[in-house]
Amino acid sequence: MRALKIWGMTMVVVIAVLGLYIYQNNREYQIILLNTNDSHGSILPVDSVGGMAERATFIRMVREKNPYVLLVDAGDINTGQAISNRADAKPDILAYNYMGYDAVTVGNHEFDKPLNVLLKQMQWAEFPFVTSNIQRNGTPLGVEYLIKEIGGVKIGIFGLTTKNTENVSIHAGEVTFENEVMAARKVVKLLKKQQVNLIIGLVHLGFTESAPGFITSYRLAQEVDGIDILVDGHSHSFIERPEHIHKTTIVTANQSGRYVGEGIIRMKKGRFVGFYWKPVLIKGFQPDSVLSLQLRPYVEAAEKDLATVVGEATEEFSLFQDGEHNVGTNALVSLLNPELLRRIHVGIGDQGAGKGIVRFFSHLISPLSLCFSCRQHCACRL
């Protein structure tokens, strides 16, 4: 009789374990994907939109409701507001640490300053820079790929930067860039060997060609199999819904921290079965008080610098005249030396020196926005 009871209890345990296994195996998991790109030193809101502390509040609210969250960025953290520029983007990196970014890739603007600045930023960061097609002295600049397990799901993450960075960024010559398609095929193969359930690429390529023949996120999705999601940056594109190329979904979140992409990844039986995504406008969120306090010294230092009088204008610094870009007789243009003007002209190709100069100047004179042309939809590559 006792043996029968033990057998019965054993069977109950076996059935319970088996039932739990079947339930877990058939259960649908949801992972929240939060994505940003082209933050460009946007520490403070512009026109009440964006802001690091405001972004942190939104991310915290998402995490409070969801146990499984993946937070990533597709590059161009650098070059924007004076708060960031004067401090080599240290406040940006500290903010990303605070928000708990899981991975970022490198954009072309990460090479606006000498390589040692980017290496310093990597040391400050508590998150990995994923650089699958950038090498320094024969080894990946950051990490070639990353495998992160969330809710029992193994997620493989790789990162790509446009090879055109070699042509448009002053300090890109300190590293080497592999062809994006070749690098992606190689790293996807490596990730599949490690039996990941989902492959996500953080790619600073853009929706539109930065120069004829260069790889876009669309083209990458067409030429490389096995990528589930591409988180794109570089072209500052605004989209309201994901783009689908073959079996790859592409998302991007505009620029300057104005939006955070929020996606729901559906997983079942270890397989990617669905994805819903939308851009969330960062407006109306209270700034995170802790992060605001951390950023305050950098804000105050920048305000002090910007309040310093370095000269007195004797002519109007208008960049527009009669609705046209005014670069021929502009007093601000005369501050640039001929060599720098030549570099800008070469860098923008067939867009024309006028627009390039206006974009370049806006980096200098506006601590709050990237450029006049970029405020809504940008194809700017400088």
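Things worth noting here:
- Residue check for residue 256: in a loop (DSSP other than H, G, I, E, B), more than 23 Å from residue 90 (Cα to Cα), assigned by TED's automatic domain parsing to the domain that holds residue 130 and touching a residue at least 12 places away in the same chain (Cβ under 8 Å): no
- Conditions (1) within 21 Å of residue 295 (Cα to Cα); (2) part of a loop (DSSP other than H, G, I, E, B); (3) not polar (S, T, N, Q): number failed by residue 106: (1)
To keep it simple, each residue is scored yes or no on (1) surrounded by fewer than 18 Cβ atoms within 10 Å (Cβ to Cβ); (2) more than 23 Å from residue 179 (Cα to Cα).
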{"position": "97", "(1), (2)": "yes, yes"}
{"position": "105", "(1), (2)": "no, no"}
{"position": "112", "(1), (2)": "no, no"}
{"position": "127", "(1), (2)": "no, yes"}
{"position": "130", "(1), (2)": "no, no"}
{"position": "139", "(1), (2)": "yes, no"}
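- When the stretch 159-191 is filtered for residues that are farther than 13 Å from residue 144 by Cα and among the hydrophobic types (A, V, I, L, M, F, W, C), the ones remaining, listed by number, are 168, 170, 172, 175, 181, 182.
- Filter pass, residue 170 being in the same structural domain as residue 77 (by TED's automatic domain parsing) and either within 30 Å of residue 62 (Cβ to Cβ) or surrounded by 18 or more Cβ atoms within 10 Å (Cβ to Cβ) (or both): no
- Residue match in the stretch 56-64 (condition: among the acidic types (Asp, Glu), closer than 21 Å to residue 229 by Cα and out of contact with any His (no Cβ under 6 Å at 6 or more places or on another chain)): no
- Odd one out for residue 68, checked against (1) closer than 17 Å to residue 202 by Cβ; (2) surrounded by fewer than 18 Cβ atoms within 10 Å (Cβ to Cβ): (1)
The values are calculated or read from the model by the stated rules, or taken from the named source; none is laboratory data. As the structure is a prediction and not an experimental result, all values here were calculated from the model. Because the Cβ atoms are built from the backbone with ideal geometry, glycine has one as well, and the counts that use them run over all protein chains shown.
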